[in-house]
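Undergrad: There's a structure below that I have some questions on.
Nothing in this text is a laboratory measurement; each read-out follows from the coordinates by a stated rule. The structure displayed is predicted, hence computed values, not measured ones. Here the Cβ positions follow ideal geometry from the backbone for every residue, glycine too, while neighbour counts run over all protein chains shown.
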Amino acid sequence: MSIIEKAVERLDRLKQAASEPAEQGQAPAAPEPVAEPVVATKAAPAKAAPAASAAPVAGEPPRTPARSVRIDLERLAARGFVTPDQPRSSIAEEFRIIKRPLLHNATDEGPAAIENGNLIMITSALPGEGKTFNAINLAISMAMELDYTVLLVDADVSRPSVLRELGLPAQPGLMDVLAGEVADLREVLLKTNIDKLSILPAGMPHQRATELLASEAMDHLLDQMAHRYADRIIIFDSPPVLVTTESRVLATHMGQVVLVVEAERTTHAHVRQALNTVEDCAVRLMVLNKSRERSVGGYYGYGYGYGYGYGHGQAQEAQPQAV
């Protein structure tokens, strides 16, 4: 019997009981309260509370996911670059040796620690000596290490070439951040298909590039780059030091400067002059590029040979030894 039928039956009994005393001349008893019938219904589903978003760290703006780009590794290898899928190539072996002192300087601790040692500027005295080639190869080679992440910055803001060499279209980047047209650096960082390698493009050309590189905004940006991630190595492909003033300004922020010297072309006078322009940086090193001498391993390295010179405080000229 349903709840409603039970309630109706009980109501009939109460009516009958009330009529009997009235027939006998008695006052009718107060009717017993009747409970309203209860009808079972399905409960409306509760609305799910909105998921709480991850709370931002105090003083830190919400994170913006980096954009992703894909580098054609086969094309890169065919053009003589280091690629992670060919770790034992001759060019990979050469840059494996070149990067060791740089990584040591970047991570050394204690009294010998170099301030901003993880900020490494690659430059040359004159255009065409191969600084971008070396910057890209060093960045990829370092990204192949187990313990580091690498950010490659195209700081040659007048003639940017990193993205072009990698077969990628022009993108907003460093100049857009410094000019205030992009609020968050993460908006212009490019994550690549090379594990642990990201790129910061030069961005749009700016007529006040030198002033922007010397600005407080650049100081803040470099400080953020140097200290935000302890395991990050930052490679700057900068303009030639004898052609523009941007690289001289940039060198004042660097922990290490690598001067690329083209074999049989760059004169000793140009090398000395170039080193003098970056004398504010305590660690200055040199790479001899495009050497025709046979390397120790018995190969030529895709037409490139690399010599290495090192100076701490006072740079030394690179010796023409093959690496």
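Undergrad: What is the packing order of peptides 254-264, 192-202, taking the mean over residues of other C-beta atoms within 10 Å and listing the highest first? Numbers along the way, then the final one.
TA: Working: 254-264: 23.3, 192-202: 21.2.
The densest-packed peptide leads the list: 254-264, 192-202.
Undergrad: From the phi angles alone, apply the Karplus equation (6.51, -1.76, 1.60; θ = phi - 60°) to region 162-175 and give each ³J(HN,Hα) in whole Hz, x where the residue is Gly or Pro.
TA: For region 162-175, the Karplus-derived couplings read 4, 5, 4, 4, 8, x, 10, x, 4, 9, x, x, 4, 4 Hz, x marking Gly and Pro.
Undergrad: Quick one: if the Förster radius is 22 Å, what FRET efficiency do ASP280 and THR149 give, using the C-beta to C-beta distance and rounding to 0.05? Spell out each step's value before the answer.
TA: Working: r = 27 Å, r/R0 = 1.23.
So the FRET efficiency works out to roughly 0.20.
Undergrad: In whole Å, what is the distance between the alpha-carbon centres of region 244-281 and region 177-236?
TA: That distance is 21 Å.
Undergrad: Along the three principal axes, how long is region 149-291 when you take its alpha carbons, biggest first, rounded to the nearest angstrom?
TA: That gives 43, 33, 31 Å along the principal axes, largest extent first.
Undergrad: Does region 67-312 come out rounded, prolate or oblate by the C-alpha gyration tensor, with a ≥ b ≥ c the root eigenvalues, rounded set by a/c under 1.5 and, if not, prolate when a/b is larger than b/c and oblate if not?
TA: Cα axes put region 67-312 in the rounded bin.
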